[in-house]
Amino acid sequence: MFCIKCGRQIPDDAVFCPACGATQGDQMPQAIAPNQPAAWKKPVSPEEDALAGSILTWGILGLAFSATVILGIIFSAIGLSKARRFQETYGPLHHRAKVGRILSLVGLIVSLVMILFWTVYGIIIAHAVNLIKEAGERGHSYYSGSYGWRT
Ligand SMILES: [Zn+2]
């Protein structure tokens, strides 16, 4: 190789240039670089892959069933607990597991919001039923504007 400062030919493994004494700074990263991808490319075991897939599946189910509240909460909770197990076993979540956890979280939040929706919906329906009942009673009752059951 050549010195990065003076350009003279120097031994390939030289840390300093024998001619000018300049530190061959570029050499260190180049020497380390080939090892790094191997360290990052930790092979994903089938179990890890299956768990990531299952987190994603439960996350999708949790979100899909969030309108039913109970199933949404159950499925989302399964997704979240599997995501926690994944982190404990394999470290940081990677792509599919991460998406699965986000979907589980959204599913859980939507499920909780749906409780409010169904409560409001129930109140509206109950009022509508009461109004229909009252209208019916008013039509048949001897006393106009009477409430409660006819005897
Ligand atoms: Zn040099």
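The values are calculated or read from the model by the stated rules, or taken from the named source; none is laboratory data. These numbers come from a predicted model, not from an experiment. Note that we place each Cβ from the backbone using ideal geometry, even for glycine, and neighbour counts take in every protein chain shown.
Looking at (1) at pLDDT 95 or above; (2) farther than 24 Å from LEU51 by Cα, which one does LEU105 not meet, given that it meets all the others?
Unmet for LEU105, out of (1) at pLDDT 95 or above; (2) farther than 24 Å from LEU51 by Cα: (2).
Give segment 96-128 a look and list any residue that's in contact (Cβ under 8 Å) with a residue 40 or more places away in the chain and over 16 Å from LEU63 (Cβ atoms), or say none.
TRP118
For (1) surrounded by 16 or more Cβ atoms within 10 Å (Cβ to Cβ); (2) at pLDDT 95 or above; (3) within 15 Å of the ligand (Cβ to nearest atom), each residue gets a yes or a no:
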position	(1), (2), (3)
CYS3	yes, no, yes
LYS42	no, no, no
ASP49	no, no, no
LEU56	yes, yes, no
SER76	yes, yes, no
LYS82	yes, yes, no
TYR90	yes, no, no
HIS94	no, no, no
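Restricting to segment 104-133, name every residue that is of a type in the set (Gly, Ala, Ser) and closer than 30 Å to LYS82 by Cβ.
Passing the criteria: SER104, GLY107, SER111.
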